[in-house]
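The values are calculated or read from the model by the stated rules, or taken from the named source; none is laboratory data. Everything numeric here is computed off the predicted structure, so don't read it as measured data. Here Cβ is always computed from backbone atoms with ideal geometry, including for glycine, and neighbour counts include all displayed protein chains. Ligands, DNA and RNA are stripped out before the accessible areas are found, and what is left, the full protein with its side chains, is counted by its heavy atoms. Shrake-Rupley method; radii C 1.70, N 1.55, O 1.52, S 1.80 Å.
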Amino acid sequence: MKQLLLLFLLFAVTARAQEKMQWPQKKKAVIVLTYDDGLLSQLNVAVPQLKAAHFPATFFLTGDANSQTIPRWRELSKQGFELGNHTIFHPCLGVDDNPVPSDHYTPYGIIREIEVMNHLLNAIDGKNSRTYAYPCAETTVGEGKDYVDTLRKYALVKYARIGGDASDGVITDFKHLDPLRIPSFGVEDGTGADKLIAFVKSIEQKGGMGVIMLHGIGGDYITVSAKAHQELLNYLNKNRKTIWVTTFQQAMDFVIKNSKTQLSEAK
């Protein structure tokens with residue numbers, strides 16, 4: 001009898017853990033396309049492809065935005081694209097080719113930099129609500145000091161994206177999701193359309209959310225070819241009735257608003 005009771009309880013806990021989010025318009029899954037560093041290849045290649053497919057996306061900008069690119073970013077914001085915070089100097093730990101290493105940063109130091117970048121972004125798009133992507137997907141600065149809770153304390157951003165591989169990026173446990181540690185699929189240099197589409201399919205199969213971290217599109221660095229990017233968009237377009245493609249903030253706003261109510265109702 002005790003064994004049967006334990007099996008029943010185990011089944012009940014597993015069933016609750018597997019409850020799927022009910023996405024808008026009866027969509028089966030959510031894909032969020034994010035692009036880091038505000039690169040020219042994103043403006044020149046990714047954006048035209050996204051516009052042609054009528055898909056929004058999130059671009060995490062740094063202080064490298066200049067007089068030539070700022071008007072273009074401002075116009076994209078007006079068209080429904082999200083501009084996110086990626087710090088002013090993009091500091092990373094022990095990276096030789098990074099102009100500003102984060103080895104001597106303190107948690108407060110990088111918080112201050114995020115705050116200044118928020119001001120720059122506000123000057124570009126006039127918005128106050130902001131999301132964030134950790135440079136190099138690192139949540140630590142200095143001698144391994146984690147600054148996530150410091151970021152949480154100062155409430156400068158609503159949500160923050162970290163990195164990961166394809167398996168890490170499949171989000172299904174929304175009840176325990178930390179809004180300042182949202183995992184993503186960090187796309188590597190030369191990744192083909194087959195791998196990108198396979199990730200999307202894994203999200204579809206599990207009814208979850210997938211955040212894709214991209215950099216160069218058809219140029220720059222950590223590059224996905226223009227062809228592979230287009231094939232990914234073609235797949236999303238073909239399945240747009242069942243896949244919700246939206247910005248990082250819009251997806252997370254929905255998750256935060258609905259995860260507790262939906263999952264509590266499902267109990």
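Here are some notes:
- Count - residues of region 171-204 that are crowded, with 21+ Cβ neighbours inside 10 Å, within 30 Å of ILE111 (Cα to Cα), free of Cβ contacts under 8 Å to residues at least 60 places away in the same chain and aliphatic (A, V, I, L, M): 2
- Residue satisfying all of: in region 137-168; touching a residue at least 12 places away in the same chain (Cβ under 8 Å) and basic (Lys, Arg); farthest from MET213 (Cα to Cα) among these: LYS145
- Among the residues of region 5-18, none qualifies, meaning not one is surrounded by 18 or more Cβ atoms within 10 Å (Cβ to Cβ), modelled with pLDDT under 95 and not in a loop (DSSP other than H, G, I, E, B).
- Taken as a whole, the structure leaves GLY190 outside the set of residues that are part of a loop (DSSP other than H, G, I, E, B), within 21 Å of GLN250 (Cα to Cα) and out of contact with any Lys or Arg (no Cβ under 6 Å at 6 or more places or on another chain).
- Members of region 105-120 found to be open to solvent by 60 Å² or more (accessible area, probe 1.4 Å) and in a loop (DSSP other than H, G, I, E, B), listed by number: THR106
- Considering residues of region 93-124 that are free of Cβ contacts under 8 Å to residues at least 12 places away in the same chain and acidic (Asp, Glu) only, the residue farthest from GLN250 (Cα to Cα): ASP96
- Every residue from region 121-150 that is under 17 Å from the mean Cα position of the chain (by Cα), closer than 18 Å to LEU177 by Cβ and assigned to a helix (DSSP H, G or I): ALA137, VAL148
- Failed condition for GLN205, given (1) in a helix (DSSP H, G or I); (2) in contact with a Pro (Cβ under 7 Å, 6 or more places away or on another chain); (3) not β-branched (Val, Ile, Thr): (2)
- When SER77, SER129, SER102 are checked against the criterion of being crowded, with 16+ Cβ neighbours inside 10 Å, among the hydroxyl-bearing types (Ser, Thr, Tyr) and farther than 13 Å from GLY38 by Cβ, SER102 stands alone in meeting it.
- Top-ranked residue of region 166-187 - restricted to ones that are of a type in the set (Gly, Ala, Ser) and either in contact with a Phe, Trp or Tyr (Cβ under 8 Å, 6 or more places away or on another chain) or outside any loop (DSSP other than H, G, I, E, B) (or both), ranked as nearest to PHE60 (Cα to Cα): GLY186
- Only residues that are surrounded by fewer than 17 Cβ atoms within 10 Å (Cβ to Cβ) and closer than 25 Å to PRO179 by Cα were counted in region 205-241, giving 2.
- For region 163-177, the condition holds for no residue, the condition being that it is within 18 Å of ARG130 (Cα to Cα) and in contact with a helix residue (DSSP H, G or I) (Cβ under 8 Å, 6 or more places away or on another chain).
- Yes/no for THR242 being hydroxyl-bearing (Ser, Thr, Tyr), farther than 20 Å from ASP165 by Cα, touching an Asp or Glu at 6+ places or on another chain (Cβ under 9 Å) and in contact (Cβ under 8 Å) with a residue 40 or more places away in the chain: yes
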